[in-house]
Amino acid sequence: MSRTTIPRRTRAPARSATPAAAGHAVTGRAASPLDPGDGWCEALFASALQPSDRPTAEMITEAIGRTVRRLGAGGCVSRMAQEFGDHPEAAAGRMRWVRQLARAAAAAAPPLAA
């Protein structure tokens, strides 16, 4: 019997945390520390923050930074993907909450000078 070798899948290098994901302003345009662009929703999704915490803008920024430092940007995306695979209904509800939170927090935060 001949054995066929199946090539091993290689992992793509983890992306570094974007400035917005870490809660910092994005240069080149007016942005708030909670700019919902650039994918920081993944970090908030992967964080331990819960709706029952009634999070403030400061709590959101801290949760995003802490989660990105702990998991990295790629780890946040992986955690989110795992939750959508394991518990799609609950994950969809959490993502809706995260996006609502993102819009509200971004609207409440004053723009920073570029």
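No lab work stands behind these numbers, since they all come straight from the coordinates. Treat the numbers as computed from the prediction; the structure is a model and nothing was measured. Because the Cβ atoms are built from the backbone with ideal geometry, glycine has one as well, and the counts that use them run over all protein chains shown.
For Gln82 and Asp53 in the same chain, what is the full-extension length gain: residue separation times 0.36 nm, less their Cα-Cα distance, in nm? Could the numbers behind the result be given before it?
Values: separation 29, 0.36 × 29 = 10.44 nm, distance 2.33 nm.
Full extension from Gln82 to Asp53 adds 8.1 nm.
Fewest-first ordering of Cys76, Cys41 by other beta carbons within 10 Å of each residue's beta carbon gives Cys41, Cys76.
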